[in-house]
1. For residue 38, work out the one condition from (1) under 23 Å from residue 28 (Cβ atoms); (2) free of Cβ contacts under 8 Å to residues at least 24 places away in the same chain it doesn't fulfil.
2. Could you check the range 46-61 and list, in sequence order, the residues that are of a type outside the set (A, V, I, L, M, F, W, C) and at pLDDT 90 or above?
Amino acid sequence: MSTTTQMTALRPGRGAPRAIVARPVHQQRRGDTRVVLRALARNQQGRPTAQVQRMLWNCLIPLGVRLLSATRRKLVVDITAGCSVELP
C-alpha cells in the first residue's frame, strides 16, 4: 500500500460518513454533561439562583453544550431547590 493510499484511508472525511464519526463525540459530551449536572445539583443546592446560573454556564460552555434559555432556567431552579436534574 502506498503512502498516499494510507493517508487517504485514515482521514475520516473520506471513508466514513460524518455522522458515524460525530456520534461517539456527541455521546461523550452528553455523558460528561450528566456528570456535571449531578455534581452541580449536589454542591450548589440552596445557593442563590444567580450564582447557580453562572456556575452552570461556566461548566457547560467548555463541554460545548448549548441549552435553550428556558431549559437552562428550569435546571437552575431545580438545582437551587435541591431537585434531581436531567438533560431534556
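The values are calculated or read from the model by the stated rules, or taken from the named source; none is laboratory data. For clarity, every value in this text was computed on a predicted model and none was experimentally measured. Methodologically, a virtual Cβ is constructed for each residue, glycine included, from the backbone with ideal geometry; neighbour enumeration extends over all protein chains shown.
1. Here residue 38 clears every test but (2).
2. Matches in the range 46-61: 47, 48, 49, 51, 53, 54, 58.
Okay, residues lined up against (1) in a helix (DSSP H, G or I); (2) within 11 Å of the chain's Cα centre (by Cα); (3) exposed (fewer than 11 other Cβ atoms within 10 Å of the Cβ):
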site	(1), (2), (3)
29	yes, yes, no
36	yes, yes, no
40	yes, no, no
45	no, no, no
52	yes, no, no
58	yes, no, yes
63	no, yes, no
67	no, yes, no
70	yes, no, yes
